């Protein structure tokens, strides 16, 4: 009988000892006094730096373009981005400040951009020489046409074998040219037929049939 009582007491102690603690976050207060300092580079490069600050904040999510992945920074830290679309236009930057427990505050900042496309001298010389250069496809070599990771120097997603694609691609001529006033031109000369990806045709024209196009 004494042994039975001892077991019951032991079970009671174990049950009390295994009780889950209720976490306490304290008051869930949304970040306040949200401010965003924006620095737009004056060299027309499109470089923009955003520095958000707030009270009762854990981190910020900065969205430089609609639908893009956020740049996550801490209080008073800088988030940088380069806009590459040329011209004069307005851009909205959305900033969300997250506090304890996931509560948030947000704001949107509109900036004026004047972006001029600038190509570095090495790339410009390779593409257009001293002012203009024409290119044709090196169809006899593997990898003459492909898609790859921008961080790599090889088309590791897709790489065409020699003469793999439709002959209508290989008679094209691509001409790159520029002048001293930062004006760049690209001209594509075809022999009447243009090489296209049929999957992309179906994406934009779901009802299209091969009879309307010459498939790749």
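The values are calculated or read from the model by the stated rules, or taken from the named source; none is laboratory data. Just so you know, these numbers come straight off a predicted model, no measurement behind them. All Cβ positions, even for glycine, are placed from backbone atoms using ideal geometry, and neighbour counts span all protein chains on display.
When 122, 72, 95, 118 are screened for being out of contact with any helix residue (DSSP H, G or I) (no Cβ under 6 Å at 6 or more places or on another chain), surrounded by fewer than 16 Cβ atoms within 10 Å (Cβ to Cβ) and within 17 Å of residue 34 (Cβ to Cβ), only 72 passes. The set of residues in the stretch 126-170 being closer than 21 Å to residue 198 by Cα, touching a residue at least 24 places away in the same chain (Cβ under 8 Å) and assigned to a loop (DSSP other than H, G, I, E, B) consists of 137, 139, 145, 163, 165, 166. Quick test of your reading of the structure: residue 30 fulfils all but one of (1) farther than 27 Å from residue 182 by Cβ; (2) modelled with pLDDT under 95; (3) loosely packed, with under 13 Cβ neighbours inside 10 Å. Name the failing condition by number. Going through (1) farther than 27 Å from residue 182 by Cβ; (2) modelled with pLDDT under 95; (3) loosely packed, with under 13 Cβ neighbours inside 10 Å one by one, residue 30 breaks only (3).
Kindly indicate whether any position in the stretch 178-188 is part of a strand (DSSP E or B), surrounded by 13 or more Cβ atoms within 10 Å (Cβ to Cβ), at pLDDT 80 or above and in contact with a strand residue (DSSP E or B) (Cβ under 8 Å, 6 or more places away or on another chain). Spell out how you get there, then give the answer.
First, the residues of the stretch 178-188 that are part of a strand (DSSP E or B): 178, 184-188.
Next, only the ones that are surrounded by 13 or more Cβ atoms within 10 Å (Cβ to Cβ) stay: 178, 184.
Of the ones still in play, those that are also at pLDDT 80 or above are 178, 184.
Next cut, in contact with a strand residue (DSSP E or B) (Cβ under 8 Å, 6 or more places away or on another chain) only: 178, 184.
Within the stretch 178-188, one or more residues are part of a strand (DSSP E or B), surrounded by 13 or more Cβ atoms within 10 Å (Cβ to Cβ), at pLDDT 80 or above and in contact with a strand residue (DSSP E or B) (Cβ under 8 Å, 6 or more places away or on another chain).
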